Amino acid sequence: MTKRKKQAKILRDFRKIHRYSGISLFVFFFVISITGLLLGWKKDSKELLLPNTYQGTSSSLKDWKSIDFLHQKVTDYVVKNTADQTSYIVDRIDVRKEKGIAKFIFTNRYEAQIDCATGKILNFQKRHSDVIENIHDGSIIDIYFNLNGTPVKLIYTTVMSLALFIFTVTGFWLWYGPKRMRAQRS
């Protein structure tokens, strides 16, 4: 087999890999592209996806109340201002020292921002970006089926990362291979 025929066969094989991978993973790439776009815009979405981060009165830690005090203030606010107190379980606390605030993020995707110096609630709003992130990385399935760890997320991100790598390599050769063959023919 001549060198040119070998190159043409490699190109045909790469085209098949590229085509069938694209067909089989189309829906996943579509979901990743849409959710990735939304996540890229989350801070600039005018609070549709993620609440803006507010400014507290002091970024000096010596002026701040204790986390226990802040947690109690947030809990009191939730009990007083919402109908369903049972679903407000704190998932994590995101402290923003430079802003002088703490974000109490609940398992039901709500967020309360509190001034760490005064204990005043600055904002209480739903975070839609968390569910978009869970869809984006595949962990939504782990959460839905209450799986231990994140097995689906790990498999999903591995498959999609390898697919993107394969698309990059085969796409490059589908572009470069014919150019190379034409250059050798001349």
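The values are calculated or read from the model by the stated rules, or taken from the named source; none is laboratory data. Keep in mind that this is a model prediction, so the values were computed, not measured. No Cβ is skipped: glycine too gets one built from the backbone with ideal geometry, and neighbour counts run over all protein chains shown. Just so you know, the surface numbers come from the protein's heavy atoms only, side chains and all, with ligands and any DNA or RNA stripped out. Shrake-Rupley method; radii C 1.70, N 1.55, O 1.52, S 1.80 Å.
Checking each residue in region 144-186 for being β-branched (Val, Ile, Thr), out of contact with any Phe, Trp or Tyr (no Cβ under 6 Å at 6 or more places or on another chain) and surrounded by 14 or more Cβ atoms within 10 Å (Cβ to Cβ) picks out Thr150, Val152, Thr157, Ile166. Listed by first and then second residue, the pairs with beta-carbon distance under 6 Å, at least 6 apart or on different chains, first residue in region 125-136 and under 17 Å from Phe104 (Cα atoms) and open to solvent by 50 Å² or more (accessible area, probe 1.4 Å), second modelled with pLDDT under 95 and not hydrophobic (A, V, I, L, M, F, W, C), are Lys126/Arg109; Lys126/Tyr110. Listed by first and then second residue, the pairs linking a residue in region 1-26 that is farther than 28 Å from Gly138 by Cα to a residue that is exposed (fewer than 11 other Cβ atoms within 10 Å of the Cβ), with Cβ atoms under 9 Å apart and 6 or more places separating them unless they lie on different chains, are Lys3/Gln184; Arg4/Gln184; Arg4/Arg185; Gln7/Gln184; Lys9/Met1. Filtered by the rule that a residue be more than 17 Å from the chain's Cα centre (by Cα) and in contact (Cβ under 8 Å) with a residue 12 or more places away in the chain, region 141-158 gives no residues. One residue stands out among those in region 102-124 that are open to solvent by less than 50 Å² (accessible area, probe 1.4 Å) and among the β-branched types (Val, Ile, Thr): the one that is farthest from the chain's Cα centre (by Cα), which is Ile121.
Mind checking which residues of region 58-72 are in contact with a helix residue (DSSP H, G or I) (Cβ under 8 Å, 6 or more places away or on another chain) and of a type in the set (Ser, Thr, Tyr)? Answer for region 58-72, where residues must be in contact with a helix residue (DSSP H, G or I) (Cβ under 8 Å, 6 or more places away or on another chain) and of a type in the set (Ser, Thr, Tyr): just Ser59. Looking at region 85-146, the strands (runs of 3 or more DSSP E) lying wholly inside it that each contain 1 or more residues that are touching a helix residue (DSSP H, G or I) at 6+ places or on another chain (Cβ under 6 Å) sit at 101-106, 110-115, 121-126. Restricting to region 69-92, and then to whatever is more than 15 Å from Gly119 (Cβ to Cβ) and aliphatic (A, V, I, L, M), can you tell me which residue is modelled with the lowest pLDDT? Out of the qualifying residues, it is Ala83. Scanning region 147-160 for residues that are more than 29 Å from Ala102 (Cβ to Cβ) and not in a helix (DSSP H, G or I) gives Leu147, Asn148.
Within region 58-77, none of the residues are open to solvent by less than 70 Å² (accessible area, probe 1.4 Å) and under 23 Å from the mean Cα position of the chain (by Cα). Each residue in region 73-98 was checked for being of a type in the set (Ser, Thr, Tyr) and either on the phi > 0 side of the Ramachandran plot or touching a strand residue (DSSP E or B) at 6+ places or on another chain (Cβ under 6 Å) (or both), and 2 pass.
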